[in-house]
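The values are calculated or read from the model by the stated rules, or taken from the named source; none is laboratory data. This one's a predicted model, so the numbers in the text were calculated from it and none came from an experiment. Because the Cβ atoms are built from the backbone with ideal geometry, glycine has one as well, and the counts that use them run over all protein chains shown. With ligands, DNA and RNA removed, areas are computed over all heavy atoms of the protein, side chains included. Shrake-Rupley method; radii C 1.70, N 1.55, O 1.52, S 1.80 Å.
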Amino acid sequence: MGLSIRNLSVTIAEAQILSGVSLHVPSHALVGLIGRNGAGKTTFLRSVMGLTYIRAGEMIHDGISLRGVPPYRRAKIGIGYMPEDRRLVPELTVEENVLLPAWATSLSDETDRLRWIYRLLPEVEKFSSRKAIQLSGGQQKLVALARALMVGRSLLLLDEPFEGVAPVLAQRLIEVLVKLKGEGLSILLSESDASHSSRLVDRLYAIERGKIEKA
């Protein structure tokens, strides 16, 4: 079970971005994807979320083929995504941003889910009434993670979660990810280098020029 990708190929504007990428994120595991800027990390994560056209390959999550499944359905089956640039809605409050996936997918237990997120990330509850535009970059990272957790019941995709954050916040994120893994989530996170991943992950992949290389 978990997430299995086999021979994934993606072409954007006639340029080959991913070529024959294969990796596996086992259930209850934390896996790192390491590569410099432009290596294909973001395209890979967006492909798993259904935000990029797949030219070839197979994507299986907990026995379900993701090929042809629209992005909103992927959220419904428990996949949460935290983009590198956070993508918060500036004029909405923190709590409204966190709840957006619940509203978009008609989640039936959004109140219980929000309480669970606040227990996990009490920092987010403290500034829940503030507008997203009023937050620091590090605070926005926490909110983006909280939003991903609203629907990410089985798999989390985290794009550069440690980029641009202070060491104290990076350590806090590590603590949260370890706890989430302990609660049974599968997590795939990307980084430009293994400065955080090497201490954290169960498995490490390296991507270069759109291909998986030995980490």
Item to complete: Please list, ordered by first then second residue, the pairs with beta carbon atoms under 8 Å, 6 or more apart or interchain, first in region 126-146 and in contact (Cβ under 8 Å) with a residue 60 or more places away in the chain, second part of a loop (DSSP other than H, G, I, E, B).
Response: Ala144/Pro83; Ala144/Arg86; Ala144/Arg87; Ala144/Leu88; Leu145/Leu121; Leu145/Pro161
Item to complete: Could you figure out which of (1) over 11 Å from the mean Cα position of the chain (by Cα); (2) modelled with pLDDT under 95; (3) open to solvent by less than 20 Å² (accessible area, probe 1.4 Å) isn't true of Asn97?
Response: (2)
Worksheet item: What do you reckon, is Arg153 modelled with pLDDT of 90 or more and assigned to a loop (DSSP other than H, G, I, E, B)?
Response: yes
Discussion item. Looking at region 98-117, I want the residues that are touching a residue at least 40 places away in the same chain (Cβ under 8 Å) and polar (S, T, N, Q) and have a partner that is open to solvent by less than 50 Å² (accessible area, probe 1.4 Å) and in a helix (DSSP H, G or I) with Cβ atoms under 8 Å, at least 6 apart or on another chain. Which pairs are those?
Written reply: Thr105/Ala75; Thr105/Val151
Item to complete: Can you tell me which residue among Leu169, Leu135, Leu156 is of a type in the set (A, V, I, L, M, F, W, C) and within 16 Å of the chain's Cα centre (by Cα)?
Response: Leu156
Worksheet item: Under 9 Å by Cβ, and 6 or more places apart or on different chains, what pairs join a residue from region 27-49 that is assigned to a loop (DSSP other than H, G, I, E, B) with one that is open to solvent by 10 Å² or more (accessible area, probe 1.4 Å) and hydroxyl-bearing (Ser, Thr, Tyr)?
Response: Ser27/Ser154; Gly35/Ser192; Gly35/Tyr205; Arg36/Ser192; Asn37/Ser192; Ala39/Ser192; Gly40/Ser19; Met49/Tyr81
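Give the number of residues within region 203-215 that are open to solvent by 90 Å² or more (accessible area, probe 1.4 Å), touching a residue at least 24 places away in the same chain (Cβ under 8 Å) and part of a strand (DSSP E or B).
Step one: list which residues in region 203-215 are open to solvent by 90 Å² or more (accessible area, probe 1.4 Å), which gives 203, 209, 211, 213-214.
Add one more test, that the residue is touching a residue at least 24 places away in the same chain (Cβ under 8 Å), and what stays is 203, 209, 211.
Checking which are part of a strand (DSSP E or B) leaves us with 203, 211.
Matching residues across region 203-215 total 2.
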Worksheet entry | region 179-202, residues that are modelled with pLDDT of 90 or more, surrounded by 11 or more Cβ atoms within 10 Å (Cβ to Cβ) and part of a helix (DSSP H, G or I) | Lys179, Leu180, Lys181
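What number of residues in region 57-83 are assigned to a loop (DSSP other than H, G, I, E, B) and open to solvent by 10 Å² or more (accessible area, probe 1.4 Å)? Talk me through it step by step, then tell me what you get.
Of the residues in region 57-83, the ones assigned to a loop (DSSP other than H, G, I, E, B) are 62-63, 66-70, 77-78, 83.
Those left that are additionally open to solvent by 10 Å² or more (accessible area, probe 1.4 Å): 62-63, 67-70, 77, 83.
The qualifying residues number 8.
For Arg86, indicate whether it is modelled with pLDDT under 90 and not in a strand (DSSP E or B).
On the way: modelled with pLDDT under 90: yes; not in a strand (DSSP E or B): yes.
Here the answer is yes, as Arg86 does meet what is asked.
The rows are residues; the columns are (1) of a type in the set (Asp, Glu); (2) open to solvent by 10 Å² or more (accessible area, probe 1.4 Å); (3) closer than 29 Å to Pro26 by Cβ.
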{"site": "Thr93", "(1), (2), (3)": "no, yes, no"}
{"site": "Ser108", "(1), (2), (3)": "no, yes, yes"}
{"site": "Thr111", "(1), (2), (3)": "no, yes, no"}
{"site": "Ala132", "(1), (2), (3)": "no, no, no"}
{"site": "Gln139", "(1), (2), (3)": "no, yes, no"}
{"site": "Arg147", "(1), (2), (3)": "no, yes, yes"}
{"site": "Ala166", "(1), (2), (3)": "no, yes, no"}
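Of all residues in region 149-161, which are surrounded by fewer than 22 Cβ atoms within 10 Å (Cβ to Cβ) and touching a helix residue (DSSP H, G or I) at 6+ places or on another chain (Cβ under 9 Å)? Give the steps one after another, and end with the answer.
Initially, region 149-161 is screened for residues surrounded by fewer than 22 Cβ atoms within 10 Å (Cβ to Cβ), giving 153-154, 160.
Answer for region 149-161, where residues must be surrounded by fewer than 22 Cβ atoms within 10 Å (Cβ to Cβ) and touching a helix residue (DSSP H, G or I) at 6+ places or on another chain (Cβ under 9 Å): Arg153, Glu160.
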